[in-house]
Amino acid sequence: MIDIRFGPQVCTELTSGATREWLVPDGVGGYAMGTVSGLRTRRYHGLLVVAGDRPAA
């Protein structure tokens, strides 16, 4: 796992924080993602997306 840290100069400035995103997969199809500054930059987004029992048809 890679550990990248940003200080307050990046996280509190909206223009630079909105261009940096994080993604954490759970290994079974689910994930969590967002921007460093907490902005919603995508039309469809989710803080935690969990994989279901079967693929959607």
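Quick notes on this structure:
- First in region 16-35 and over 15 Å from I4 (Cα atoms) and of a type in the set (S, T, Y), second anywhere and in a strand (DSSP E or B) and open to solvent by 80 Å² or more (accessible area, probe 1.4 Å), Cβ under 7 Å, 6 or more apart: Y31/L23; Y31/V24; Y31/P25
- Set side by side, the residues A57, A51, A32 differ, and just one is among the aliphatic types (A, V, I, L, M) and either outside any loop (DSSP other than H, G, I, E, B) or at pLDDT 75 or above (or both), which is A32.
- Residue within region 9-25 that is touching a Lys or Arg at 6+ places or on another chain (Cβ under 8 Å), at pLDDT below 80 and not in a loop (DSSP other than H, G, I, E, B) present: yes
The values are calculated or read from the model by the stated rules, or taken from the named source; none is laboratory data. Predicted, not measured: the structure shown is a model, and the values here were computed from it. Note that each Cβ is placed from the backbone with ideal geometry, even for glycine, and that neighbours are counted across all protein chains shown. To get the accessible areas, we keep the full protein, side chains included, count just its heavy atoms, and leave off ligands, DNA and RNA. Shrake-Rupley method; radii C 1.70, N 1.55, O 1.52, S 1.80 Å.
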